[in-house]
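FYI, it's all coordinate maths here, none of it is from the lab. In this text the structure is predicted, and so the values were computed from the model without any measurement.
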Amino acid sequence: MARMKKRLEQVFDFGISLGLAGGSPACAAGGEELFTKHCALCHSKDGKAQSPAARKLGVKDLSISKLADGEIEKQVKEGKKDDKGHQKMPPFKDKFSADEIKSLIVVVKSFRK
Ligand code: HEC
């Protein structure tokens, strides 16, 4: 996992810096920063995860996600494993407070049209 993460970091660095330059002021305070730091690595700054590496990993495009708040919360807390039990998205329940998860839910939904 660590090695894959390293590679993803390299792949996504470029995208993240591009995204930051654009900026979007509409998001909840803190949430956007958390997303950039912990999620954009896979989901990209705009949530669409359109890079080849993200597609290969099976990262979902958050702009077309229809998950309800509770389901987003669960996904962020528990992460997601594939059918073989490999971790696709890491669990974040030990990383974020309830408030931080709430602000992340706002950011996740802000990618929707
Ligand atoms: C290591 C890469 C990785 C990181 C980091 C990551 N995700 Fe994910 N995320 C994924 C993958 C892969 C999926 C698709 C999993 C599946 O098959 O349902 C996913 C799916 C999701 C979904 C579900 C979308 C849907 O409609 O099913 C949400 C919501 C989500 N991620 C939010 C986040 C948030 C918020 C963060 C940061 C706290 C984050 N992710 C960090 C890889 C990642």
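Could you give the length gained by full extension between Glu100 and Asp69, i.e. 0.36 nm per residue of separation minus their alpha carbon distance, to one decimal place? Show your work: numbers first, answer last.
Values: separation 31, 0.36 × 31 = 11.16 nm, distance 1.35 nm.
The span from Glu100 to Asp69 would gain 9.8 nm if fully extended.
Summarising the amide proton neighbourhood of Lys80: residues at separation of 5 or more, or on other chains, whose placed amide H is nearer than 5 Å comprise Lys88, Met89.
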